[in-house]
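The values are calculated or read from the model by the stated rules, or taken from the named source; none is laboratory data. Owing to the predicted nature of the structure, the values given are computational and were not obtained by experimental measurement. Ideal geometry is used to build each Cβ from the backbone, glycine not excepted, and the neighbour counts take in all protein chains shown. Note: accessible area is taken over every heavy atom of the protein model, side chains too, but ligands, DNA and RNA are not part of it. Shrake-Rupley method; radii C 1.70, N 1.55, O 1.52, S 1.80 Å.
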Amino acid sequence: MMNHSQVKEIVEKSIHDSQNYNFMVTMANGDKKKMRMFISEGGWVCEFKKRSRTRGRCISCEELWKSVVPINRDTDKVRVCKRNTKSIIKYLTASGFWPDILENMTKLQDLSDEDLKYLYECEYDEHNTFMEKKGIEHISPDMYDSLSSQRGIITINWGRGHDWIKRGWLNALNEKHKYSMRWTVSYDNSVEYNPDGNRAWYSEEYRGCGNGHYYLLLDEKHAAFREDD
């Protein structure tokens, strides 16, 4: 049977890599159940309440499960990439952030399905050579690969008790002045805005490590994966 740590590892990875909260759970008696799960701020595996995206119950350590398998949504990388690229263009057009990224995402959107598939299959050097020939900049192999998953676009995780940071953030965007703030949820999170070039960043670093996951903010809440460090 699985213990809490094993279940937590699977749920955390699915949420982080694919923004997927849906799982097929096989019980000790062989019964199967679809469950929507998340990790609480206290680090517990929880199940969402029916028709809720914010509330749920903690999973008891006494519940005996044989397996927990993420229910993946769309596995067609090209289709997911095109959908994420379209969303990035929409968010950047509305916010005015990252005009250079917007220009290059628009070029990426114009590539054929065959070209997009090739970029997933080729090596790093081949990726960079292809992008250079197409006049596309600022989209690294890692960033491009992320576009094929739900991890490609995430939303800022403010957690609880950080409304004052969120208000300061929104005020900085409205008044177009520099802003930088850090807070802790499950990661050490941070946002930064620089009106020079209308650029904004979001990061989720492992607690106390200074390494983690880094994103380009597309608007006041959506972010596109940039790199891991």
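See the values below:
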quantity: Entirely in the stretch 113-171, the helices (runs of 4 or more DSSP H) that have 1 or more residues that are in contact with a strand residue (DSSP E or B) (Cβ under 6 Å, 6 or more places away or on another chain) and open to solvent by 20 Å² or more (accessible area, probe 1.4 Å); calculated: 141-146
quantity: Within the stretch 87-112, tally of residues that are outside any helix (DSSP H, G or I) and exposed (fewer than 15 other Cβ atoms within 10 Å of the Cβ); calculated: 3
quantity: Whichever residue in the stretch 180-210 is in contact with an Asp or Glu (Cβ under 6 Å, 6 or more places away or on another chain), assigned to a strand (DSSP E or B) and under 18 Å from residue 229 (Cα atoms) and, among such residues, is modelled with the highest pLDDT; calculated: 201
quantity: Single condition residue 7 does not satisfy, out of (1) hydrophobic (A, V, I, L, M, F, W, C); (2) under 14 Å from residue 71 (Cα atoms); (3) in a helix (DSSP H, G or I); (4) open to solvent by less than 30 Å² (accessible area, probe 1.4 Å); calculated: (2)
quantity: Only one of 227, 220 that is open to solvent by 50 Å² or more (accessible area, probe 1.4 Å) and modelled with pLDDT of 95 or more; calculated: 220
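Conditions tested, residue by residue: (1) surrounded by 12 or more Cβ atoms within 10 Å (Cβ to Cβ); (2) at pLDDT 85 or above; (3) under 30 Å from residue 112 (Cβ atoms).
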residue	(1), (2), (3)
2	yes, yes, no
17	yes, no, yes
33	no, yes, no
55	no, no, no
